[in-house]
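K.L.:
Here it is, the structure, as structure tokens.
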Amino acid sequence: MNAVTQVLADSQVIAKRNVIKIIRVPEVMVFVVMSPIMFVLLFAYVFGNSIDIEGGGNYREFLIAGIFAQTVIFGATFTGAGLAEDMQKGIIDRFRVLPMSRSAVIVGRTVSDVVYNVISLLIMSLTGLLVGWRIRGSLFDAVLAFALLLLFAYAFSWVMAWVGLMVPSVEVVNNASFMVIFPLTFIANTFVPSDNLPGPLKAFAEWNPVSTVTQATRELFGNIPPGTPEPTAWPLQNPVLYTFIWVVVIVAVFAPLSVRQYNKSKSR
């Protein structure tokens, strides 16, 4: 068995072990299912009537892409929390003595997050349909939109993997992730158009990759209302390309950092 085949085989085993937790730990399933529903209903019914969309668009259609982006990014925190928990319980030390690839532990962990996010996207899509959201683009574009969301979330999982191996506990992972994810997801065009933000925040939002994955998703779903002004910032003019660039950069930087940190980390 060559090195690549071994990494893939070992990663599959680790991913399967993490996915089984969805069934065996009911609390995980509750979070995966209820959180997306709560966000969709909260923003659709509480804030939906107080926010105007340029071009006279439906705010609920504008909203869903932002909720998708926020939820899959929060879903990436499962990687950091899971690795931190395994470090605390000494499971990582058990993995190290097994005849398996070192990188497979992290690869399997990040891949299992894709399963969490698929479930979240499915639940959110059904909830979105109930509150009035519709896919108005082609089937191919819709599939591309979901794939882009999952790809961006997967890349962000590597950031959280590095954080989970660096910090001393699951609680610190959660606190650290909220400190990063909240500004990224709220100083963006996820819930309000970026033009509504004041100068410095608008500039940040226009170059924020969360904004571009949201913009790309809206365009692919056909949720940009006719008459909406064209974006003036390059990232929002080319949201798919800009998002993909960020995916490549994040994985290229944090995958090696995570594997290196895994190799030198000790159980706590």
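The values are calculated or read from the model by the stated rules, or taken from the named source; none is laboratory data. Owing to the predicted nature of the structure, the values given are computational and were not obtained by experimental measurement. All Cβ positions, even for glycine, are placed from backbone atoms using ideal geometry, and neighbour counts span all protein chains on display.
K.L.:
So which residues in the stretch 150-167 are closer than 24 Å to residue 263 by Cβ and either part of a loop (DSSP other than H, G, I, E, B) or not aliphatic (A, V, I, L, M) (or both)?
P.N.:
Of the residues in the stretch 150-167, the ones closer than 24 Å to residue 263 by Cβ are 154-167.
Those that are closer than 24 Å to residue 263 by Cβ and either part of a loop (DSSP other than H, G, I, E, B) or not aliphatic (A, V, I, L, M) (or both): 154, 156, 157, 158, 162, 164, 167.
K.L.:
Which of the residues spanning the stretch 213-268 are over 23 Å from residue 170 (Cα atoms) and of a type in the set (Gly, Ala, Ser)?
P.N.:
Listed by number, the residues that qualify are 216, 222, 227, 233, 252.
K.L.:
Going through the stretch 199-235 one residue at a time, which ones are of a type in the set (A, V, I, L, M), surrounded by 15 or more Cβ atoms within 10 Å (Cβ to Cβ), under 22 Å from residue 183 (Cβ atoms) and more than 19 Å from the chain's Cα centre (by Cα)?
P.N.:
Initial filter on the stretch 199-235 (of a type in the set (A, V, I, L, M)): 201, 203, 205, 210, 213, 216, 220, 224, 233.
If we keep only those that are surrounded by 15 or more Cβ atoms within 10 Å (Cβ to Cβ) too, we end up with 201, 205, 210, 213, 216, 220, 224, 233.
Next, from what is left, pick out any that are under 22 Å from residue 183 (Cβ atoms): 201, 205, 210, 213, 216, 233.
Listed by number, the residues that qualify are 201, 233.
K.L.:
Looking at 232, 185, 243, 228 in this structure, which one is at pLDDT 95 or above, among the hydroxyl-bearing types (Ser, Thr, Tyr) and more than 30 Å from residue 95 (Cβ to Cβ)? Give the derivation first.
P.N.:
Numbers: 232 fails: at pLDDT 95 or above; 185 fails: at pLDDT 95 or above; 228 fails: at pLDDT 95 or above.
Result of the check over 232, 185, 243, 228: 243.
K.L.:
Here are some residues: 191, 182. Which one is under 18 Å from residue 64 (Cα atoms), in contact (Cβ under 8 Å) with a residue 60 or more places away in the chain and of a type in the set (Phe, Trp, Tyr)? It would help to see each step written out before you state the result.
P.N.:
Working: 182 fails: in contact (Cβ under 8 Å) with a residue 60 or more places away in the chain.
Result of the check over 191, 182: 191.
K.L.:
Mind telling me which of the residues 115, 131, 40, 107 ends up being closer than 22 Å to residue 176 by Cα, of a type in the set (A, V, I, L, M) and modelled with pLDDT of 80 or more? Step through it out loud before you land on a result.
P.N.:
Numbers: 115 fails: closer than 22 Å to residue 176 by Cα; 131 fails: closer than 22 Å to residue 176 by Cα; 40 fails: closer than 22 Å to residue 176 by Cα.
When all the criteria are applied, what remains is 107.
K.L.:
Working carefully through the options 119, 106, find the one that is crowded, with 21+ Cβ neighbours inside 10 Å, of a type in the set (A, V, I, L, M, F, W, C), assigned to a helix (DSSP H, G or I) and in contact with a helix residue (DSSP H, G or I) (Cβ under 8 Å, 6 or more places away or on another chain).
P.N.:
Working: 119 fails: crowded, with 21+ Cβ neighbours inside 10 Å.
Unique residue meeting the criteria: 106.
K.L.:
Which of (1) more than 24 Å from residue 44 (Cβ to Cβ); (2) crowded, with 19+ Cβ neighbours inside 10 Å is the odd one out, the single condition residue 175 does not satisfy?
P.N.:
Checking residue 175 against (1) more than 24 Å from residue 44 (Cβ to Cβ); (2) crowded, with 19+ Cβ neighbours inside 10 Å, the one that fails is (2).
K.L.:
OK, next. Of the residues 98, 63, 83, which single one is surrounded by fewer than 14 Cβ atoms within 10 Å (Cβ to Cβ) and either under 26 Å from residue 180 (Cα atoms) or at pLDDT below 80 (or both)? Explain how you work it out, then say what you get.
P.N.:
Values: 63 fails: surrounded by fewer than 14 Cβ atoms within 10 Å (Cβ to Cβ); 83 fails: surrounded by fewer than 14 Cβ atoms within 10 Å (Cβ to Cβ).
So the residue among 98, 63, 83 that is surrounded by fewer than 14 Cβ atoms within 10 Å (Cβ to Cβ) and either under 26 Å from residue 180 (Cα atoms) or at pLDDT below 80 (or both) is 98.
K.L.:
Could you please let me know if residue 134 is buried (at least 19 other Cβ atoms within 10 Å of the Cβ) and charged (D, E, K, R)?
P.N.:
Values: buried (at least 19 other Cβ atoms within 10 Å of the Cβ): no; charged (D, E, K, R): yes.
In short, no.
K.L.:
Continuing with the same structure: Residue under question is residue 161, and the condition is that it be within 13 Å of residue 243 (Cα to Cα) and within 15 Å of the chain's Cα centre (by Cα); does it hold?
P.N.:
Judged against the criteria, residue 161 is not a match.
K.L.:
Given the criteria closer than 30 Å to residue 15 by Cα, touching an Asp or Glu at 6+ places or on another chain (Cβ under 8 Å) and at pLDDT below 90, does residue 170 qualify?
P.N.:
Numbers: closer than 30 Å to residue 15 by Cα: yes; touching an Asp or Glu at 6+ places or on another chain (Cβ under 8 Å): yes; at pLDDT below 90: yes.
Considered against the rule, which asks whether it is closer than 30 Å to residue 15 by Cα, touching an Asp or Glu at 6+ places or on another chain (Cβ under 8 Å) and at pLDDT below 90, residue 170 comes out as yes.
K.L.:
Enumerate the pairs (first residue in the stretch 80-108 and within 19 Å of residue 257 (Cβ to Cβ); second residue anywhere and outside any helix (DSSP H, G or I) and of a type in the set (Gly, Ala, Ser)) with beta-carbon separation below 8 Å, excluding pairs fewer than 6 apart on the same chain, so at least 6 apart or on different chains.
P.N.:
Correct list of pairs: 84/169; 87/265; 87/267; 92/265; 92/267.
K.L.:
Moving to a separate point now. Which residue is nearest to residue 147 (Cα to Cα), if the candidates are limited to the stretch 195-250 and must be of a type in the set (Ser, Thr, Tyr) and in contact (Cβ under 8 Å) with a residue 40 or more places away in the chain? If you could, list the steps in order and put the result at the bottom.
P.N.:
Initial filter on the stretch 195-250 (of a type in the set (Ser, Thr, Tyr)): 211-212, 214, 217, 228, 232, 242-243.
Of the ones still in play, those that are also in contact (Cβ under 8 Å) with a residue 40 or more places away in the chain are 214, 217, 228, 243.
Numbers: 214: 13, 217: 10, 228: 25, 243: 12 Å.
Going through the qualifying residues, I end up with 217.
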